[in-house]
Amino acid sequence: MKKLVLLIVLMTFLMACGCGTETPTSSPNSKSPQHSINGDQGSNKEQVINEKQEINISEQNVHSFKDAYPIGVLPKNEKVFLQITEDTDNKILITDANGEKVIKEIPATKNKDIYSAAVTDKWIVYAEASNDLIKWDWAIYAIDTESEKKVQVDMWKLDESSTAFDVPTMIGPKISASNQQVAWSTFEADSKNAVKAIVKMYDLKNNSYKIIDEIDAKEGEFGHPSISGEWIVYDKGKIDTEKQGRFGSIFLVNTKDNSKKMLEEGMNVVAPAINYPYIVWGSGRSTIKIYDDKKQTTKIVVQNNGTEYWNFTINDKYVAWYSTKDSLDVYSIKENKIISLIDTGVTNGGKLSNNLLWWYKLGEGTTQWLELDLE
């Protein structure tokens, strides 16, 4: 078990450069058409973004919230926050439109920790598990905020004694949600007790599951599934201990026709996020790429500048990310430039949740956020 924990710590460090009631159907991908934009990309010549702009954050309408961060916005503009304290029994908080007054709380199960959450339409979806690194005992729930109906979307199907992994990772999935659909990746054992890495999708509207991709766990694992409408993007990879990195591939799948294409592969190619038709990911530790699937063009937002980038998020206007420098930069898709928000005192960078950009305030345990419209 000590070896398992050490390997998980290694996996977590390396990944930082970029992680029901019905029986799921079999994977369609064995017969799906696959394409790649790698190699000679033809019209997909990569453009490097050079234009930058600075904006003083003091000129923006910045809000603060203690010990919680925003995860989305409900149809009536109520803000949804995830509490961030050391307590295991944390909560999801629903506030008024100003993000000031808490009007409802959704607690975690006793002795569990809500560690990932998303908002899609009237639904709040969240994953919870014991407050540890592995999160074997995870479960995903969805709550209809109008009817207060609660649905268990999925739960763990392995136990802590499993030894199927050459290089284990965190078992508990992180979730993405869009158009009342939920996507996540995890590990499951099949009827013969063989452990598989798997990407799954659940449709809240018709209570149906779909397996998007699966492989033997000894061949690698999936991470960072991100969903936008009928499109899912995720990475597949495996740790290369000799090169001290993870060899990964980025895949884009259409959930209606099951078409699938690889966007890139290589060392530390990781952590995609999608707001269709745009997909952003880390291409190595110091390069950020954004791909337009309709135009089939790729732009390099940042390239090999010595700073490491990870935790990419995207909405219909902007891309945000974390980095090893204490700064807050976003990329404007429309204006095709990087915008630096100065004088923020941020830790690592910012994240986008719907139209909200949020970041941690240094030394205060406070989250700051604004409704992003900088153009």
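The values are calculated or read from the model by the stated rules, or taken from the named source; none is laboratory data. All values reported here derive from a predicted model rather than from experimental measurement. Please note: Cβ atoms are built from the backbone with ideal geometry, for glycine as well, and neighbour counts cover all protein chains shown.
Suppose we filter segment 292-317 for residues that are more than 20 Å from Phe247 (Cα to Cα), surrounded by 18 or more Cβ atoms within 10 Å (Cβ to Cβ) and either at pLDDT below 95 or of a type outside the set (Asp, Glu) (or both); how many remain?
Counting residues in segment 292-317 that are more than 20 Å from Phe247 (Cα to Cα), surrounded by 18 or more Cβ atoms within 10 Å (Cβ to Cβ) and either at pLDDT below 95 or of a type outside the set (Asp, Glu) (or both) gives 8.
Restricting attention to segment 187-208, which residues are modelled with pLDDT under 95 and part of a strand (DSSP E or B)?
Matches in segment 187-208: Phe187, Glu188, Ala189, Val195, Lys196, Ala197.
Out of all the residues in segment 230-251, which are among the hydrophobic types (A, V, I, L, M, F, W, C), modelled with pLDDT of 95 or more and either in contact with a Leu (Cβ under 6 Å, 6 or more places away or on another chain) or over 18 Å from Lys210 (Cα atoms) (or both)?
As a first pass, look at segment 230-251 and keep what is among the hydrophobic types (A, V, I, L, M, F, W, C): 231-233, 239, 247, 250-251.
Then drop every residue that is not modelled with pLDDT of 95 or more, which leaves 231-233, 250-251.
Within segment 230-251, Val233, Ile250 meet the criteria.
If you check Ala273, Ala320, which single one turns out to be in contact with a Gly (Cβ under 6 Å, 6 or more places away or on another chain), of a type in the set (A, V, I, L, M) and surrounded by 19 or more Cβ atoms within 10 Å (Cβ to Cβ)?
Working: Ala273 fails: in contact with a Gly (Cβ under 6 Å, 6 or more places away or on another chain).
Exactly one residue qualifies, and that residue is Ala320.
Mind checking which residues of segment 350-366 are more than 16 Å from Val119 (Cβ to Cβ) and in a strand (DSSP E or B)? Talk me through it step by step, then tell me what you get.
Let us first name the residues in segment 350-366 that are more than 16 Å from Val119 (Cβ to Cβ), namely 350, 359-366.
The answer is Gly350, Trp359, Tyr360, Lys361, Thr366.
For Asp326, indicate whether it is touching a Ser or Thr at 6+ places or on another chain (Cβ under 8 Å), within 15 Å of Val62 (Cβ to Cβ) and not aromatic (Phe, Trp, Tyr).
Details: touching a Ser or Thr at 6+ places or on another chain (Cβ under 8 Å): yes; within 15 Å of Val62 (Cβ to Cβ): no; not aromatic (Phe, Trp, Tyr): yes.
Considered against the rule, which asks whether it is touching a Ser or Thr at 6+ places or on another chain (Cβ under 8 Å), within 15 Å of Val62 (Cβ to Cβ) and not aromatic (Phe, Trp, Tyr), Asp326 comes out as no.
Only residues that are touching a Pro at 6+ places or on another chain (Cβ under 7 Å) and not aliphatic (A, V, I, L, M): list them for segment 211-254, please.
Initial filter on segment 211-254 (touching a Pro at 6+ places or on another chain (Cβ under 7 Å)): 211, 224, 226, 232-235, 250.
Within segment 211-254, His224, Ser226, Tyr234, Asp235 meet the criteria.
With respect to Ser286, is the statement that it is surrounded by fewer than 23 Cβ atoms within 10 Å (Cβ to Cβ) and over 22 Å from Leu372 (Cβ atoms) true? It would help to see each step written out before you state the result.
Working: surrounded by fewer than 23 Cβ atoms within 10 Å (Cβ to Cβ): yes; over 22 Å from Leu372 (Cβ atoms): yes.
Against the criterion (surrounded by fewer than 23 Cβ atoms within 10 Å (Cβ to Cβ) and over 22 Å from Leu372 (Cβ atoms)), Ser286 qualifies.
Looking at (1) modelled with pLDDT of 90 or more; (2) in contact with a Gly (Cβ under 9 Å, 6 or more places away or on another chain), find the lone condition where Thr169 falls short.
Every condition holds for Thr169 apart from (1).
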